[in-house]
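Structure, as structure tokens:
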Amino acid sequence: MKKLIFTGAALLMMVTAYAQTNTTVVNQTGSDHTVNVSQEGDENLIEIIQSSTNNTANVTQTAATAFGTVLIDQSGSDNTATVTQDISLLNLASITQSGDGNNLEIVQSTFSAANQLYIDQAGNDNDIDLSQSGFSILNVADISQSGDRNYASITQDGFSAFNTAVVDQSGDDNDAYVTQDFLSGANLATISQSGDGNTGTITQLFLSGLNEAEIDQSGDDGTATIEQLLGLGNFALIDQAGTGNDAYIGQAGFGNLAYIEQGALSGDNTAIIIQEGTDNEAVISQTLFSAGNTAAIVQGGTDNAALIVQSGLTIGNTASIIQEGDNNSASISQSLLSAFNLAGIEQTGNSNTATISQDLLSGINGAIVVQDGDENLASITQTLLSGGSEAVITQTGDAHEASVLQTVGLLNLATVDQTGVGGFVDVAQVGSLNTATVMQNNLP
């Protein structure tokens, strides 16, 4: 065993260890230090402690590295830490940087399995690049940043499975990107951002299955994007609290679930979910003092389900669902002191169901359903002190059913237009000054 201990203000330090079970410890106090450490073999330990400004630590563990440990602690400004572990298995890297303008790069490559990376940065203008690639399996990458304008990027690619990527940022103007690529399965990626102007992006793509991606943003002006492509059984969640947030989820495949929640004093938010395939589910919830929001769900395929909920003092919101295929269901609910809202559903295909509900002190709302195909069902309900509302249903095809209910309200208008054979319409209005128009063109 070799054991090397260096302490002081040396400007350049280079340590190379070739035997197995090596230990290298460097403790530096001062400015403008540089440390290069290279180890080959298994069960190696590298520990570097630097306190001051402009320090640099470069660590390399190669030649089938296993059970290696790298510990770096830097306190000061303008620090740089680089760690490379090649053909790495069951390695641990823990890096702490406290100060401004820190930069960090970690690469675990060729064959990366069961490795653990933990990074903690406290300060401003920090940079992190992290890569676990080649054959990446059962790896953990955990990044924590506290401060302003931090950047974090995690890449787990090649054959990526059973990996965990976590980014936690607290502060303003943070960026976080996570990519789990090619034959990506059973991976977990989470981004948590608290502050203003945050951006979070998670990508799990190409033959991606059974993955879970979550983005949590609490603050203003955040943007969250999740993409899971060509996969099955994936789960995506975006939770945003605050004002001016944007959310996007894209999934392709079957059996996927996407959920977006924007609430608690949120306004001018945009939530979009796009799913292509079969047996997918999408939910958007904008609630509790939510105003000026836009929610849209687009689904292509069969047996998909879409739900949009805007409730709890929601004003001036827009909700739309577009579905193309058969046996799909779409539902929009705007309720509980909901006013000046617009809800629209468009479906192309057969045996689809569309439901719009605007109720409980809901007023001056607009609702429209357009269906093209056969054996579709459409329902619009505006009830309980619903005044000045509009309801429009247009159906093209055969054997459709349409239902409109407006109660205890004023100045309501209901229009139903059906083209085809075997159509059924039910319109009920209770109140004053309501108008109902039904047009059926049931040609044999």
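Some notes on this structure:
A quick yes/no check of all residues on (1) closer than 30 Å to Thr29 by Cα; (2) in contact with a His (Cβ under 6 Å, 6 or more places away or on another chain); (3) buried (at least 19 other Cβ atoms within 10 Å of the Cβ):
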residue	(1), (2), (3)
Gly76	yes, no, yes
Leu90	no, no, no
Gln97	yes, no, yes
Gln132	no, no, yes
Ser146	yes, no, yes
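- Remark: Leu360 falls outside the filter, which requires a residue to be within 33 Å of the chain's Cα centre (by Cα) and modelled with pLDDT of 85 or more.
Yes or no, residue by residue, for (1) farther than 17 Å from Val178 by Cα; (2) free of Cβ contacts under 8 Å to residues at least 24 places away in the same chain; (3) surrounded by fewer than 19 Cβ atoms within 10 Å (Cβ to Cβ):
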position	(1), (2), (3)
Asn198	no, no, no
Leu205	no, no, no
Glu212	no, no, no
Gly219	yes, no, no
Ala224	no, no, no
Gly233	yes, no, yes
Gln240	yes, no, no
Asp246	yes, no, no
Ile249	no, no, no
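- Strands (runs of 3 or more DSSP E) within region 78-187 that include 1 or more residues under 20 Å from the mean Cα position of the chain (by Cα): 127-132, 140-146, 151-156, 159-161, 164-170, 175-181
- Out of Ala319, Ala367, sole residue that is surrounded by 19 or more Cβ atoms within 10 Å (Cβ to Cβ), farther than 25 Å from Asp398 by Cβ and at pLDDT 80 or above: Ala319
- Meets criteria (within 28 Å of Gly134 (Cα to Cα) and in a strand (DSSP E or B)) for Glu214: yes
- The set of residues from region 78-88 being on the phi < 0 side of the Ramachandran plot and surrounded by fewer than 19 Cβ atoms within 10 Å (Cβ to Cβ) comprises Thr80, Thr82, Asp86.
- Tally, over region 335-352, of residues that are touching a Ser or Thr at 6+ places or on another chain (Cβ under 7 Å), assigned to a strand (DSSP E or B) and surrounded by 19 or more Cβ atoms within 10 Å (Cβ to Cβ): 3
For every residue, the table says whether it meets (1) part of a strand (DSSP E or B); (2) modelled with pLDDT of 85 or more; (3) surrounded by 24 or more Cβ atoms within 10 Å (Cβ to Cβ).
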| site | (1), (2), (3) |
| --- | --- |
| Ile297 | yes, yes, yes |
| Gln310 | yes, yes, yes |
| Leu313 | no, no, no |
| Gln323 | yes, yes, yes |
| Ser333 | yes, yes, no |
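- When restricted to residues that are surrounded by 17 or more Cβ atoms within 10 Å (Cβ to Cβ) and more than 18 Å from Leu92 (Cα to Cα), region 52-68 contains 4.
- The one condition in (1) under 24 Å from Val283 (Cβ atoms); (2) modelled with pLDDT of 90 or more that Leu337 fails to fulfil: (2)
The values are calculated or read from the model by the stated rules, or taken from the named source; none is laboratory data. What you see is a predicted model; the values in this text were computed from it and never measured. With ideal geometry, Cβ positions are generated from the backbone for all residues, glycine too; neighbour counts draw on all protein chains shown.
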